[in-house]
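The values are calculated or read from the model by the stated rules, or taken from the named source; none is laboratory data. A quick note: this is a predicted structure, and the numbers were derived from the prediction, not measured. Glycine also receives a Cβ, built like all others from the backbone with ideal geometry; neighbour counts cover every protein chain displayed. Just the protein is used for accessible areas: all its heavy atoms, side chains included, with ligands, DNA and RNA removed. Shrake-Rupley method; radii C 1.70, N 1.55, O 1.52, S 1.80 Å.
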Amino acid sequence: MPPTVRKTVFLLFAAYAVDLIDRLAIGNALPQIGTDLDLDHAQRGLAVSVFFVAYALVQIPGGVLADRFGAVRMCVFAMLAWSVCTGLTAAAWSFAALLATRAAFGVMQGMFPAASVKALSERTLPEQRNTANGWVNASSSFAILGAGLLAAAMLPVIGWRGMFLAISGLGVLVALAWKWWLPPALPEPVTADLGPTPSRWAFVRSPAILGCATLSFGFNLLAWGVTTWVPSYLTEERGVPVGTAALLMTLPTVLGAGTIILGGRLADRLGGRPRVIVVPAMAVVGGLELLLPRAGSVTWFMVVLTLLYSTLGLCLTSSFSVPLRALPTRWLGLVAGLVMSGSQLAGMVAPYAFGFVVDHASYGAGFAMLAAGPVIAIVASILVPQNAEEFRSSIRRRIGTTLTARSGA
């Protein structure tokens, strides 16, 4: 990758790592938070899900703001604002206060993703974007590692309140690094014309973009359910101490980071074609997910979980593999917000639904519920456009339909 791309990827990697460390910390802290605030499993799941409700609601507005005011400006604002909210989580004195702080945290973090996709696209060529996006998405594995190590070190010593306060300054440091070192945007590359200037409503109603959002929903339904609840499962069902459970969650991330990067590289080499990657990978993921609660020991559980994360990593860039190649950067803020809404909807549904199922049935039933995610992802990957020209053709048809409807009115 050219130096401009490498520096951009590094700074985005750091920003997403902090973003996810701040977000994932609550999963490792849930056993302590539940005990301290006297919460049942459904309430603990809701404390995670409320973040995603707020986060999802601002995905599209965040993309529009990035298109309007600039991607970098919105990214820096979001990093500073969510860091304040991370610190405020430490002060939650009741379930209601916890929900309020996590909702505010979700609003602030929700401004970042679409703007970050736009910032990356402005500094890369279309044929580089999935590879670069794969490296950026690998930050999720680093974040799980970082969140686990920090939780293992801090929770037994300073508790969940101290941990949230301690990690709140990380976003401020990365925001300063962005202001100092982020390279300037490249000239807009030549991209095939979409025809008449599309309205935002044309994008919102586009089957191609909605299909990409559904694909994102599918694999994130499983990802957020597993990531949120495995630490509690290990503590409550397998008798693993809370600090050790957080540390064990770091083990699957090593191979996961490599396969995320590989998935992005394959997407560029294939020119998109998400179904080539998603169909076999998610079929394997679905089988591994059903095996998780049946693993006979903690060791075998972690082996299965590591294989699951590693295979899932191949798919994490798939929802963007075609849009990043097909569209000009001036529209990518809005489109990224639309696609990421699928991921955030999964984050809203999975943690609460899993906790509800555990309260009314068992952890095994909760894991079985998450198997719907791979099925949804497979179907969506087959139906979405498979390359840039098919994607642009779908958008053109939507633009034409919108214009015809307006003239008819």
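Quick one: angle between helix 332-360 and the longest Cα principal axis of the chain, in degrees between 0 and 90, rounded to 10, please. On a 0 to 90 degree scale, this one is about 30. Note on surface exposure: Asp38, Asp22 rank Asp38, Asp22 by accessible area, highest first, 1.4 Å probe.
Fraction of C-alpha pairs exceeding 22 angstrom in segment 1-183: 44 percent, rounded to a whole number. Put simply, the amide H of Arg123, placed in the peptide plane, has neighbours under 5 Å in Leu186, leaving out anything fewer than 5 places away on its chain. Look at (1) 158, 74, 35; (2) 61, 46, 43; (3) 63, 55, 44: the one that is Cα extents along the principal axes in Å derived from this structure is (2).
Sequentially through segment 170-178, phi angles give Karplus couplings (6.51, -1.76, 1.60; θ = phi - 60°) of 5, x, 5, 4, 5, 4, 5, 4, 4 Hz, Gly and Pro residues having no value and appearing as x.
Ligands, DNA and RNA left out, the accessible area of segment 31-128 computed with a 1.4 Å probe is 70% carbon and sulfur. In this structure segment 196-408 gives 37 Å² per residue of accessible area when probed at 1.4 Å with all protein chains present.
With R₀ fixed at 22 Å, the C-beta to C-beta distance from Ala177 to Val84 puts the FRET efficiency at about 0.75. Just the number, please: carbon plus sulfur as a percent of the accessible area of segment 322-378, 1.4 Å probe, no ligands or DNA/RNA counted. Its accessible area is 71 percent carbon and sulfur atoms. Ordering Arg273, Arg68 by accessible surface, largest first, gives Arg68, Arg273; the 1.4 Å probe counts only protein heavy atoms, with every chain in place.
Residues within the reach of a label modelled at Leu270 (point 7 angstrom out along Cα to beta-carbon, backbone nitrogen below 14 Å), restricted to segment 117-147, are 130-131.
In the chain, the longest principal axis of the Cα atoms and the axis of helix 112-121 are about 50 degrees apart. For segment 1-183, the solvent-accessible area of protein heavy atoms averages 35 Å² per residue (probe radius 1.4 Å; ligands and nucleic acids excluded). The heavy atoms of His360 present about 130 square angstrom of accessible area, all protein chains included, probe 1.4 Å. Looking only at Gly286, Gly162, Gly62, which one moves most when the chain is put into a Gaussian network model with springs between Cα atoms under 10 Å? Result: Gly162 has the largest fluctuation of those listed. Full extension of the chain between Arg397 and His360 gives 8.7 nm of extra length, using 0.36 nm per residue less the Cα-Cα distance.
The C-alpha atoms of the chain define a longest principal axis, and helix 95-110 lies at about 30 degrees to it. Averaging Cα coordinates gives a centre for segment 319-371 and one for segment 136-182; these two points are 23 Å apart. Think of each Lys and Arg Cβ as +1 and each Asp and Glu Cβ as -1; about the Cα centre, that makes the dipole of the chain roughly 1180 debye.
Scaled to the globular estimate 2.2 N^0.38 Å, the Cα spread of segment 196-408, given as radius of gyration, is 1.12.
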